[in-house]
Amino acid sequence: MINFEKIILGNGLKVIVHTDKSTPLAALNILYNVGARDEHPDKTGFAHLFEHLMFEGSVNIPDYDGPLQKAGGENNAFTNNDITNYYLTLPRENTEIGFWLESDRMLGLDFSEQKLNVQKQVVAEEYRQRYLNQPYGDVWLLLRPLAYKVHPYQWPTIGRDISHIDQANLNDVKNFFFSQYAPNNAILVVAGNIEIPEVEKLARRWFSPIRERDIPRRTLPPEPKQRSERKQEVERNVPFDAIYKVFHMCGRNDPDFHTVDVISDILSNGKSSRLYQNLVQSKRLFSEVDAYLTGEIDPGLFILSGKIIQGVKMEDAEQELMAELHKIKTVPVRKRELDKIKNKVESRLVFEETNVLNKAMNLAFHELLGDANEINNEIEKYHAVTPGKIRKIAAGLLVPSNCSTLYYRARTG
Amino acid sequence: MDPVDRKKIPPLHLSERIDYIRDKKVTLSNGIPVYLINAGNQDILRIELLLSAGSWVEPGPLIASSTNDMLNEGTKTRTAEMIAESFDYYGSYLHLNANKDTAGVVLFTLSKYLEETLVIVADIIQNSTFPEREFATYIQKKKQQFVEEREKVRYLARTGFLRSIFGQLHPYGREILLEDFTTVTAKQLSEFHCKCYLSDSIKIIVTGKIPKGIETVFEKHFGDWDLETIETRVPEPIPVVPADPSNIFLEKENVVQSAIRIGKKLFNKHHPDYHGVQVLNTVLGGYFGSRLMRNIREEKGYTYGIGSAFISLHHAGFFTIASEVGTNVCRSAVKEIYKEIKILREQIIPEEELSMVRNYLLGQVIRMFDGPFALAESFRAILEYGLDYSHYDNAIRTIRNISAKDLRDLANRYLGPESMTEIVAGKY
């Protein structure tokens, strides 16, 4: 159970406070309700490039990292298709320095051509390091456009193409800031060894003077229902074949979400899971195999991926994978197996509560989904999953007409 | 409401004292020490069994890591599947880890399932059987992962660097070869297990909200073991054959980035200059605001990330700078790295920068003792070196007091460019 208090400032900023006296630290997490899905199709990768610029100095503070490090703090950020999330931890005595830094970069950035150019290069190197210079690194550059034809989930956070980053200009940067970064488009969570009135005072002092801004209403085209199976085959300089199968699933707020999550856990969470036991250990078809969800807010993807053992034919491995899907669609899951998954979820939720930064991030994300308190109802939602629901939802989800398959072949010779 | 001055940093507070929760040691009837650290609000436990069973004592390549990885692949009374199912059923996590010096298991469990999970941990440590079929599956899987790893420039640079500074015959430098996967046998694992796991080197660290009477639970599962005495294969310290500093280029086709490693063999936690060199390392490349990051990423845009590290091992230590950079700027990046080393050796670190590094590091010390998991890691880091908490008191003292001049002297003593080994993997 995570107790918290919620305050909404006059400018629309939502502030959530969770007190945990067992730590000498305080964590600040600011979630901005903007991600790669909000980008123009010709300017992809922008939300993430912008995240880099948020560390390049703000209107009154030329250097973000310096003062934070001086206060014993540490910070980072991530961007995904839905959100851009900034976080820091500090010794609790210095919490106000976090407020000072975060409020100033919400107020405005110190935009400059030179800083933009350097960060464009840094992001280009990130693109090379993570997507081009690793075996199997470009998989998501291929899978997203295969699965999505209309919805902006068709491009990855890093961008559809490296050239999009290169073309970004200072005008785009400024427009993006003033149309997306605003108190009324953000959620601030403070978690740690700090009392609620203190946080409220700091939030009002530093954030209340920031005016609310006009945020364009989000109107994203929904992905039309997939009607037929899709396949793509590529050949790359990798040592082994790999196969990826993705299925369209419900959104994060759909009542079926937890059932789909349990399905992926039954298939591949832990060494006792079905895919590991049957396809890795017993039949020796894959060296690794996984089932997981993107977990995105709009309807996301259920993913099966596997690296195939040398000498095994891709088609044979695929057939066995399909046989496992058939089983989960037709044979009811036994009680002990389902209890195992629920125990694992329960344990994961308890372990996540040992860290204030984790708690701050999770509270912010649940507030974005609609209500931070739903974090405390997660376990009940998993407990409500039944063998009947699993079978029914798997039968609708894991069908060929809802599937895109990527055959990722090792180049021979 | 008070008007705010946004140009001015709010008052900065520095903790005068950093408190850490200490361990309470109990000894089981056969001599196994159990260190209890009571911390946190959740009813969870982290239990670590630590053994001298790393690659330092293995009789051949892959033996230490494979033995450790296969502990849960079957015992005299439990199959691999039964073991996996039990841990999963109780929502616990078992981490197996073997490194150069030590090996062991870490169990994360809800306190209410301590008995149910600990009995299996005791079983896999004592009674693992290393069945042939599971071994064959494991080795095949590992071999594929190895072949995939070898495709990464980062891997080539890292292994090339260690081989170069320690030598291919040394346990810290030995690089894994493809044929190692065909020579290692299940029988070797069994023998290694007998010798190194049923051994009086075992230590147990327990952190979390410690329930009353936990000592009896450990006595029940571990107190009646009959312990062999470990014979270490290389009891004497590291062979004193200093590898010549060298520049090595490992070419790889079809890459868009090259990996760089620049560094040298150095000392470990027992050396009086250890903490000072850690501070120096932080200035150079040990945090986001470091000189390497500011110059090579934030000013030049050559890389997504660059950092340096000063790593302690039981019988040596090493210093290393690591980055992956665009192939077209690789030479310039290497040049800039040496330039930053030169500046550290010639110029005094400005007080403003040094005080930032001091405060940043003190914040890191607070994080090292925040919560049961961090406490466990920090405790293990002294326990395995036979050090006590004064190691951390000394660290804090050095962070607070070391002078800019001392740091320049350390840079001159230990970071001479002629003593560095330089590896580039990719295109150059």
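Worth pointing out:
- Residue match in region A:137-148 (condition: in contact (Cβ under 8 Å) with a residue 40 or more places away in the chain, basic (Lys, Arg) and either under 20 Å from A:Tyr244 (Cβ atoms) or touching a helix residue (DSSP H, G or I) at 6+ places or on another chain (Cβ under 6 Å) (or both)): no
- Within region B:357-374, tally of residues that are of a type in the set (D, E, K, R), facing another protein chain (nearest Cβ under 7 Å) and within 16 Å of B:His275 (Cα to Cα): 0
- Residue in region A:241-262 that is over 23 Å from B:Gly91 (Cβ atoms), of a type in the set (Val, Ile, Thr) and in a loop (DSSP other than H, G, I, E, B) present: no
- Qualifying residue in region A:1-19 (condition: more than 9 Å from every other protein chain (Cβ to nearest Cβ), in contact with a Lys or Arg (Cβ under 7 Å, 6 or more places away or on another chain) and free of Cβ contacts under 8 Å to residues at least 40 places away in the same chain): yes
- Residues that are over 16 Å from A:Tyr244 (Cα atoms), within 12 Å of another protein chain (Cβ to nearest Cβ) and surrounded by fewer than 23 Cβ atoms within 10 Å (Cβ to Cβ) occur at least once in region A:284-292.
- If you go through region B:244-264 and keep only what is among the small types (Gly, Ala, Ser) and crowded, with 16+ Cβ neighbours inside 10 Å, you end up with B:Ser258, B:Ala259, B:Gly263.
- Note on region B:1-80: enclosed strands (runs of 3 or more DSSP E) holding 1 or more residues that are away from every other protein chain (no Cβ under 14 Å), of a type outside the set (Lys, Arg) and free of Cβ contacts under 8 Å to residues at least 24 places away in the same chain are B:24-27.
- For B:Tyr155: the one exception among (1) within 14 Å of chain A (Cβ to nearest Cβ); (2) within 21 Å of B:Asn247 (Cα to Cα); (3) in contact with a Ser or Thr (Cβ under 9 Å, 6 or more places away or on another chain): (3)
- Restricting B:Tyr20, B:Tyr93 to residues that are of a type outside the set (Gly, Ala, Ser) and within 30 Å of A:Arg334 (Cβ to Cβ) narrows the list to B:Tyr93.
- Candidates B:Gly31, B:Gly74, B:Gly104, B:Gly60: the one that is out of contact with any helix residue (DSSP H, G or I) (no Cβ under 7 Å at 6 or more places or on another chain) and farther than 19 Å from B:Phe373 by Cα is B:Gly31.
- Pairs with Cβ under 9 Å, 6+ apart, first in region B:172-184 and in a helix (DSSP H, G or I), second surrounded by 14 or more Cβ atoms within 10 Å (Cβ to Cβ) and β-branched (Val, Ile, Thr): B:Phe181/B:Ile139; B:Thr182/B:Ile139
- Tallying residues that are farther than 27 Å from B:Pro350 by Cβ and not in a loop (DSSP other than H, G, I, E, B) within region B:376-417 yields 12.
- Odd one out for B:Val153 among (1) more than 26 Å from the chain's Cα centre (by Cα); (2) buried (at least 21 other Cβ atoms within 10 Å of the Cβ): (1)
- Residue match in region A:277-285 (condition: closer than 27 Å to A:Pro387 by Cβ and either hydroxyl-bearing (Ser, Thr, Tyr) or not assigned by TED's automatic domain parsing to the domain that holds A:Lys389 (or both)): yes
- Scanning region A:104-113 turns up no residue that is free of Cβ contacts under 8 Å to residues at least 40 places away in the same chain, within 10 Å of chain B (Cβ to nearest Cβ) and out of contact with any Asp or Glu (no Cβ under 7 Å at 6 or more places or on another chain).
The values are calculated or read from the model by the stated rules, or taken from the named source; none is laboratory data. Since the model is a prediction, treat every value here as computed from it, not as a measurement. Glycine also receives a Cβ, built like all others from the backbone with ideal geometry; neighbour counts cover every protein chain displayed.
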